[in-house]
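Shown next, in structure tokens, is the structure this report addresses.
The values are calculated or read from the model by the stated rules, or taken from the named source; none is laboratory data. Quick caveat: nothing in here was measured; it's all calculated off a predicted structure. Please note: Cβ atoms are built from the backbone with ideal geometry, for glycine as well, and neighbour counts cover all protein chains shown. Ligands, DNA and RNA are stripped out before the accessible areas are found, and what is left, the full protein with its side chains, is counted by its heavy atoms. Shrake-Rupley method; radii C 1.70, N 1.55, O 1.52, S 1.80 Å.
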Amino acid sequence: MTILGGLEGIAFVNTPFANVTDDWPDIQFHMAPASLNSDGGARVKKVLGLREDLYKEVFHPIENTYSWTIMPLLLRPRSRGWVRLKSKNPFHYPLMNPNYFEDPFDAATLVEGAKIALRVGDAKVFKQFGNRLHRKSLPNCKQHKFLSDEYLDCQVRTISMTIYHPVGTAKMGPHWDPGAVVDPRLRVYGISGLRVIDASVMPTIVSGNTNAAVIMIGEKGAHMIKEDWLGHDR
């Protein structure tokens with residue numbers, strides 16, 4: 001009951017694709033004291049949308065055994081998804097397409113991130129605990145040599161997620177931008193009395209966890225509301 005909520009370490013690393021003139025890396029590591037097998041197939045496989053045959057072949061043999069994971073996260077994806085209304089009925093779920101890997105550069109960067117993660121996992125400091133890689137190929141990637149670039153590309157495209165950091169569905173931008181939903185004061189264009197104050201107003205995602213940036217957006221939005229309704233800052 002006292003362990004951290006899912007992650008015990010993070011790291012930021014540069015792949016060979018990183019721009020050396022930038023101040024930020026292109027991959028973030030989430031190091032988790034568990035894996036897809038750790039809950040016995042109860043929830044995580046459903047969250048990730050894994051096929052039952054894939055889970056049974058790869059993860060069922062190590063169910064409920066001690067494991068840990070390094071998840072490489074792409075910090076600045078080039079691919080863009082979309083969210084659209086399904087109909088005029090407000091009770092209909094919207095149509096959503098994350099559009100992962102529309103730009104092949106995203107998958108190539110994650111492959112390099114995975115290769116760095118594998119080197120970290122093979123480090124001497126982990127060997128003292130009997131650390132070893134689960135060397136079971138994904139069934140749909142068996143045509144590639146295990147851990148080759150082609151195999152890792154296949155794995156990246158098979159098991160992907162947003163890691164709870166989706167942004168950009170109500171983009172903030174100038175009035176002449178056809179993709180903008182809110183103005184610089186977070187007011188929705190064309191609708192009076194409505195603002196959006198959350199991660200969706202980011203035109204592009206921040207290079208890391210969204211939590212701190214969303215807190216800042218919330219504080220700034222509250223400040224603007226007070227300015228508009230009270231006529232001065234409080």
Residues that are open to solvent by 30 Å² or more (accessible area, probe 1.4 Å), among the polar types (S, T, N, Q) and at negative phi, drawn from segment 36-78: 38, 65, 67, 69
Can residue 110 be described as at pLDDT 95 or above, surrounded by 12 or more Cβ atoms within 10 Å (Cβ to Cβ) and over 19 Å from the mean Cα position of the chain (by Cα)? no
So is residue 217 open to solvent by 70 Å² or more (accessible area, probe 1.4 Å), under 21 Å from residue 83 (Cβ atoms) and among the hydrophobic types (A, V, I, L, M, F, W, C) or not? no
